[in-house]
Amino acid sequence: MTQRQQGNGLLMISLAGLGLVAGIFGLVAWLVGGGSLSESTPSSDPNERLANKLVAPSAPPVSTEQLTAVQSVPQGLFNYGGSTTWIPVHETVNDAIANAFPEQLRYTLPSTEAPGSGTGIKMLLDGQLSFSESSRPLKDEEFASAEQRGFKLEQIATALDGIALAVHPELGVDGLTIEQVQAIYTSTVTNWSELGGPDLPITAYSRSPEAAGTAEYFLESIVNAETYGADVVFVDNTTIGVRQTLNDRGGIYYASAPEIVNQCSIYAIPVASKDSPNTFVSPFADTWRTGQDCLNQANTMNKSAFRNGDYPLTRRLFVVVKADGSTDEAAGRAYVNMLLSSEGQDLIEDAGFIGIR
């Protein structure tokens with residue numbers, strides 16, 4: 001175990017410094033069984049609220065009957081971390097999981113690097129985490145690194161996610177094909193007029209693929225290239241990416257669909273179906289809302305298109321555990337079992353993702 005501590009059953013999940021949307025800044029603490037919540041106060045600046053959608057809808061009531069029925073939940077303090085794509089999942093499931101874990105489960109940030117799938121897996125390999133969360137599959141070198149340390153890694157899929165592309169709401173482009181997305185992020189095209197849009201320079205924003213699993217997955221599986229184009233501008237997190245796109249009519253940024261579709265300031269541009277390049281499929285359901293309309297009624301994910309494959313930018317989300325017989329492995333597998341229970345899958349759906357069962 002990364003750290004053990006006897007305590008009074010207080011679950012602390014530290015989310016400080018992630019810079020993500022939906023009001024997840026600061027330290028969030030739940031009392032086991034009590035359900036009390038304390039979080040940082042949303043910004044009073046209306047532009048700030050529209051850019052970051054800091055006011056999140058209230059979470060639905062949580063029943064923990066099935067989660068607490070999961071067997072082999074070890075006692076102690078367990079650290080986990082990794083992909084920032086998982087943060088919406090934390091918002092819905094961790095209150096329920098707090099009632100099932102007898103002591104503590106703690107989200108742990110890297111000390112020097114940006115949080116992400118790659119840094120989380122590295123922390124797991126280095127013994128800093130009990131288990132990690134990833135928005136991409138494990139690499140051969142990560143499997144090999146674990147074997148060199150005397151254990152194995154196992155990745156367990158628990159959810160499906162879509163990737164959404166954010167553009168300025170006044171861009172004036174109906175949608176993009178996969179080939180056009182590839183051309184943008186390899187810097188093969190540099191002006192929207194080349195894609196049937198306005199005479200406007202394209203600024204493609206991305207997180208670093210070295211740290212962010214979403215950026216790495218997007219590069220390898222969507223862009224289908226070894227490196228991003230020379231004109232791609234790298235940002236530290238999704239908040240910055242969305243803000244840059246909001247302030248740049250020619251900008252484009254991508255992230256996990258719940259992080260983009262929940263925004264009120266930009267536009268989640270549709271993407272052409274794999275089977276029909278002339279048919280654009282939206283990552284959002286119904287009509288796109290912006291501004292105060294969005295704050296009053298949030299945009300929602302197009303879950304049916306994600307589930308049936310009509311929307312082409314989908315992937316699996318994984319929990320990564322050490323297969324070494326330790327209490328860390330037991331904690332990771334208990335966490336997985338809770339997520340894969342019917343209640344856990346419902347909570348994953350509440351977070352905007354798609355249950356895998």
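Worth a mention:
- Per residue accessible area of the range 144-230, 1.4 Å probe, in Å²: 42 Å²
- Listed values for the range 344-357 are Karplus-derived 3J(HN,Hα) couplings in whole Hz (6.51 cos²θ - 1.76 cosθ + 1.60, θ = phi - 60°), namely x, 5, 5, 5, 4, 5, 4, 7, x, 9, 10, x, 8, 10, and x replaces Gly and Pro.
- Å² per residue, accessible surface of the range 318-357 at 1.4 Å: 30 Å²
- Summing charges over all other residues whose Cβ lies under 14 Å from the Cβ of P198, with Lys and Arg as +1 and Asp and Glu as -1, gives -4.
- Amide proton proximity set for C264, modelled H, under 5 Å, gap of 5+: K53
- The range 93-239: C-alpha gyration tensor shape, a/c 1.5 cut-off, then a/b vs b/c: prolate
- Calculated SAXS-style log₁₀ I(q)/I(0) at q = 0.14, 0.25 Å⁻¹ - the range 238-332, Debye, Cα scatterers: -0.64, -1.31
- Each of the peptides 281-294, 305-318, 85-98 was scored by the mean count of other Cβ atoms within 10 Å over its residues; in descending order, highest first, they stand as 85-98, 305-318, 281-294.
- Remark: the range 111-169 projects, on average over all directions, an area of 5.9 nm² (convex hull of Cα atoms).
- Prolate/oblate/rounded call for the range 73-159, Cα gyration tensor, a/c under 1.5 rounded: prolate
- For the range 306-318, Karplus couplings with θ = phi - 60° (6.51, -1.76, 1.60), whole Hz, Gly/Pro x: 5, 5, 8, x, 5, 7, x, 9, 10, 7, 9, 10, 10
The values are calculated or read from the model by the stated rules, or taken from the named source; none is laboratory data. On a predicted model such as this, the values are computed, not experimentally measured, just so you know. Cβ coordinates were reconstructed from backbone atoms using ideal geometry, including for glycine residues, and neighbour counts include every protein chain displayed. Remember, those area values only see protein heavy atoms, side chains included, never the ligands or the DNA or RNA. Shrake-Rupley method; radii C 1.70, N 1.55, O 1.52, S 1.80 Å.
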